[in-house]
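Data first, discussion second: the structure below is written as structure tokens.
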Amino acid sequence: MKKQYGLVIDQERCIGCEACTVACKNENKGVRGFIRVSTLNTPQKDTPAGVFPNLKMIFLPALCNHCENPPCAKACPLEAIIKEDIGLVILDEETCDGCQTCLDACPYGAIAFNDEKNKAEKCNFCRHRIEEELEPFCVICCEGQAIHFGDLNNPGSNVSQMLTEGNGYTLKPEAGTKPANYYLPPKEPRGL
């Protein structure tokens, strides 16, 4: 069976600190990190949900989902985005002409446009680290130990074990992309 690398993000443990965003930016020498942290169901961070006094904060780190059916790859006229055998969706910046078609095709808003380079950019799960059998840098730097990485097709991997124990969900399942990133919801809402 082919590998399918993916993440399991435990929302019970995520504290919204954005260490993952900073780690991504530093590791990839980017203008911005490829991870956005927002509060569940809102584009902003630190926006509580609910009605006082029953307020809750649930954080949602979002990044490229390395989909099984990546619409960004299908949309790219130059085939600059490919799905690799290990499940990574990789954007070849050398081939990218900056047309931005992939930005519109991604239902998760996970592809950014770098105006300085006139190229699209996206998370590659720190492919250079995976090649050295290391985890993505966001996983290493997560203060709350909320981000977990592994082969979703290996029943013995840490991520597969977490999904069998919890009730993991993906973002926008109706899009039919079959994302490789899963979220474990918090056990009980956290109050302010």
Report summary line: Going through segment 94-120 in order, the residues found to be under 13 Å from Ala73 (Cα atoms) and either free of Cβ contacts under 8 Å to residues at least 12 places away in the same chain or among the acidic types (Asp, Glu) (or both) are Asp104
Query raised in the report: What are the residue pairs meeting all of these: first residue in segment 23-38, first residue at pLDDT below 80 and of a type in the set (Asp, Glu), second residue buried (at least 19 other Cβ atoms within 10 Å of the Cβ) and assigned to a loop (DSSP other than H, G, I, E, B), Cβ atoms under 7 Å, and 6 or more apart or on different chains?
Result: none
Query - Only one of Phe149, Phe113 that is within 11 Å of Leu7 (Cβ to Cβ) and of a type outside the set (A, V, I, L, M) - result: Phe149
Query - Selection count where residues are within 22 Å of Asn153 (Cα to Cα), of a type in the set (A, V, I, L, M, F, W, C) and assigned to a loop (DSSP other than H, G, I, E, B), scope segment 69-89 - result: 2
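The values are calculated or read from the model by the stated rules, or taken from the named source; none is laboratory data. These numbers were taken from a predicted model, which means no experiment stands behind them. All Cβ positions, even for glycine, are placed from backbone atoms using ideal geometry, and neighbour counts span all protein chains on display.
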